[in-house]
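Here the structure comes first, spelled out in structure tokens, and everything after it is commentary.
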Amino acid sequence: MEYVLTQFAATESATEGGIFGALGIDITMLVLQAIAFLILVVLLGKFVYPVLIKAVDDRQEKIEEGTKAAIEAEKKADEAKSEVAQLMKQARKEASEIVATAKDEANAAIEKSEQRAKVRAEKIVESAHEQIEKDVIAAKKALHNETIDLVALATEKVVGKTISASADDKVIAAAIKESN
Amino acid sequence: MAVRLSRRKIATYYADQLLAGRADVARELAAYLIDTKRTREATLIIRDVEDALEKRGVMVADVASAFQLSDAAKSAITSFLQAHSSASDVRLRESVDTTLLGGVRINTPSDEFDSTLRKKLAQLKATKV
């Protein structure tokens, strides 16, 4: 079709003159081109532009929705951030309280353990002292008894070998004198 | 067969006979005990006789020592016994026991006096705990 119009315009420009001719403009061709342009515009306006505009509108709408969602998300993020900060603050506070409580409990437990250990150590020391005292008493008794045995044995041996009749007389006299 | 008498009567009788100076009292007592089949009571009857003698002022004391007693020791023991009893006449029946080590042990019918070293050592051992 374009070929036909071109042929037609070329034919007309060759046959007509005037200002347009002097300027090298083929009026017919110009009119036809204008008509073709209008037709093209109409066609574009009817079939292409609505689709493009719709696509652009959709795109715009999506962008606006995205922007809106982004703003909403940002808002939510801010709220979440604030909430997180609040929770963190609360958590820190609770953690501090827990740590403080744990420290107090640990100190109390340590103090209780120390007290128990002290009492137990005192009992052990006391028991050891008692045992040592008993051992000392037993050792003293054993030493006492052993000394008595040794003294008796030594006395028996020595006296048995050394005492004489005259010495025995003196012993008897002393015993009778003591009893009188 | 002889009449069975109580130990007290026998002791009284023979104590009186001894104080009267009869020398054959021991033989008579032995014959009586054999006749009455009471020889197992001889030791008890002799002790009873000594008791009876003590009541009559004659004390028989068993004196044990590690060595033979000197006259001075005998005299001291006699005086000691007279001072601690009502006996005016004290007779000592001596014996030597070397295990006593020293000192003297006096047994009278009613009392005992032990000052031997053996006894003192026993007392010392008794203090063991």
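The values are calculated or read from the model by the stated rules, or taken from the named source; none is laboratory data. All values derive from a computational prediction rather than experimental measurement. Quick reminder, even Gly has a Cβ in these numbers, built from the backbone with ideal geometry, and neighbours come from all protein chains shown.
Annotations for the structure displayed:
- Scanning the range B:66-84 for any residue that is surrounded by 15 or more Cβ atoms within 10 Å (Cβ to Cβ), more than 14 Å from chain A (Cβ to nearest Cβ) and either touching a helix residue (DSSP H, G or I) at 6+ places or on another chain (Cβ under 6 Å) or closer than 28 Å to A:A152 by Cα (or both) turns up nothing.
- Filter pass, A:T155 being at pLDDT 90 or above and closer than 19 Å to B:Q123 by Cα: no
- Selection status of A:S96, under 30 Å from B:A83 (Cβ atoms) and hydroxyl-bearing (S, T, Y): no
Conditions tested, residue by residue: (1) surrounded by fewer than 12 Cβ atoms within 10 Å (Cβ to Cβ); (2) over 27 Å from B:V63 (Cβ atoms); (3) more than 7 Å from every other protein chain (Cβ to nearest Cβ).
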residue: A:A138; (1), (2), (3): yes, yes, yes
residue: A:L143; (1), (2), (3): yes, yes, yes
residue: A:A152; (1), (2), (3): no, no, no
residue: A:E156; (1), (2), (3): no, no, no
residue: A:V159; (1), (2), (3): no, no, no
residue: A:A165; (1), (2), (3): no, no, no
residue: A:D169; (1), (2), (3): no, no, no
residue: A:A173; (1), (2), (3): no, no, no
residue: A:E178; (1), (2), (3): yes, no, yes
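- Some residue of the range A:145-163 being without any contact (Cβ under 8 Å) to a residue 40 or more places away in the chain, among the hydrophobic types (A, V, I, L, M, F, W, C), part of a helix (DSSP H, G or I) and more than 30 Å from B:A73 (Cβ to Cβ): yes
- Of the listed requirements (1) over 11 Å from the mean Cα position of the chain (by Cα); (2) at pLDDT 90 or above; (3) closer than 30 Å to A:K170 by Cβ, B:V90 misses just one: (1).
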